[in-house]
Amino acid sequence: WHEGGLRLPESPRHGGMNAFFLSHHGECALQENAKRARYYRELGTQQPQLDATEAKRLNALWQDDTVKSLVKTMSATCDVHMFNLNFFMSRLDYIAADNYVPSDLDILHSRQRSTGATETSFVKDNTRWTLIDMGGQKPERAKWDRALVEGIKAVFFFVSTEEFDVEASEEKGKSKLDIALETWKYLLTNSKLDNILIFLLLNKIDLLEMKLQPDCSKFTKVFPDFAGDKTKEGALGYLKSMFMKAVPDGFKSNLITCTPVCALDGNLVEKVFSDAKAQVLNRALSSL
């Protein structure tokens, strides 16, 4: 039982069967779905493996009007990645198959909180690269300084652009974008970054575009001084200007590259990495 009403799985295949709990917010309209809801609620921490039977139960609940209303409420008030949840729910039958193998899209839509420093090394174009993934939550930011060791050539700072109106859990009254801007300012005060390339990646532009529909009113409500085109490009231009204006005086702004990205777009991510790789290698050659 999860008081908030909904708990998300960490992966689509395992641990997801107790993902849906109807709380005191309402009962299912259909008696059978009420039984299904009680079934998952009574599972507690048990995590049965997803199979055809479980997929049928979950699909029935997912189509229930009360569940739809609850999910809509949760997505508006809680830190829930509804876009990814919708993606996996639309593929339940495929995921429940005995021969299921995660596709590239399944992996890209999966989410796992970053804690500590996770290193990933790979070889591309005869050059070995090492990526160090650091969490962005407040407790994790205290560890960033330890990751900025000698040999770091670039820093990628991701901003979730669609979170301009999502309330931050770590500080009441501020949006997640507010926290991202404050974190960006904090990062640039680190003296270890004085001569390191920084890539400011305005991420989730696909979700931003969806949130701007139909008339950009959500964006202008948060940013009443926004006077640009009421389009995704206009909003991105405004956000880029906001973050670049926050660069501290004296910081070498020519070391910063700001790029809109969508982590689910493999071609776009490949282009971003290629551009970053070229800048890193060019700087290395110019220092010889």
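The residue that is nearest to the chain's Cα centre (by Cα), among those in the stretch 267-288 that are more than 14 Å from Lys124 (Cβ to Cβ) and in contact (Cβ under 8 Å) with a residue 12 or more places away in the chain, is Gln279.
The number of residues in the stretch 228-273 that are at pLDDT below 90, among the acidic types (Asp, Glu) and part of a helix (DSSP H, G or I) comes to 1. When Pro214 is tested against (1) farther than 29 Å from Pro248 by Cβ; (2) part of a strand (DSSP E or B), only condition (2) is not met.
Those residues that are under 27 Å from Thr189 (Cβ atoms), in contact (Cβ under 8 Å) with a residue 40 or more places away in the chain and not charged (D, E, K, R), I need them from the stretch 245-262; list them, please. Within the stretch 245-262, Ala246, Val247, Pro248, Phe251, Leu255, Ile256, Thr257, Cys258, Thr259, Pro260, Val261 qualify.
For the stretch 274-283, the set of residues classified as open to solvent by 50 Å² or more (accessible area, probe 1.4 Å) and either modelled with pLDDT under 85 or out of contact with any Ser or Thr (no Cβ under 8 Å at 6 or more places or on another chain) (or both) consists of Asn282, Arg283, listed by residue number.
The test for being in contact with a strand residue (DSSP E or B) (Cβ under 9 Å, 6 or more places away or on another chain), within 30 Å of Glu171 (Cβ to Cβ) and either open to solvent by 70 Å² or more (accessible area, probe 1.4 Å) or not hydrophobic (A, V, I, L, M, F, W, C) (or both) does not hold for Asp145. When Val159 is tested against (1) surrounded by fewer than 16 Cβ atoms within 10 Å (Cβ to Cβ); (2) touching a residue at least 40 places away in the same chain (Cβ under 8 Å); (3) closer than 22 Å to Lys232 by Cβ, only condition (1) is not met. For the stretch 83-93, state whether one or more residues are open to solvent by less than 70 Å² (accessible area, probe 1.4 Å), of a type outside the set (A, V, I, L, M, F, W, C) and modelled with pLDDT of 80 or more. Within the stretch 83-93, one or more residues are open to solvent by less than 70 Å² (accessible area, probe 1.4 Å), of a type outside the set (A, V, I, L, M, F, W, C) and modelled with pLDDT of 80 or more.
For the stretch 168-200, the set of residues classified as touching a residue at least 40 places away in the same chain (Cβ under 8 Å) and either open to solvent by 40 Å² or more (accessible area, probe 1.4 Å) or among the basic types (Lys, Arg) (or both) consists of Ser169, Lys185, Tyr186, Thr189, Lys192, Asp194, Asn195, listed by residue number.
For the criterion of being out of contact with any Lys or Arg (no Cβ under 9 Å at 6 or more places or on another chain), touching a residue at least 12 places away in the same chain (Cβ under 8 Å) and open to solvent by less than 70 Å² (accessible area, probe 1.4 Å), Ile132 passes. Of all the criteria given as (1) open to solvent by 20 Å² or more (accessible area, probe 1.4 Å); (2) on the phi > 0 side of the Ramachandran plot, the one not satisfied by Cys216 is (1).
The values are calculated or read from the model by the stated rules, or taken from the named source; none is laboratory data. Quick caveat: nothing in here was measured; it's all calculated off a predicted structure. Quick reminder, even Gly has a Cβ in these numbers, built from the backbone with ideal geometry, and neighbours come from all protein chains shown. Please note that ligands, DNA and RNA were not included when accessible areas were found on the heavy atoms of the full protein model with its side chains. Shrake-Rupley method; radii C 1.70, N 1.55, O 1.52, S 1.80 Å.
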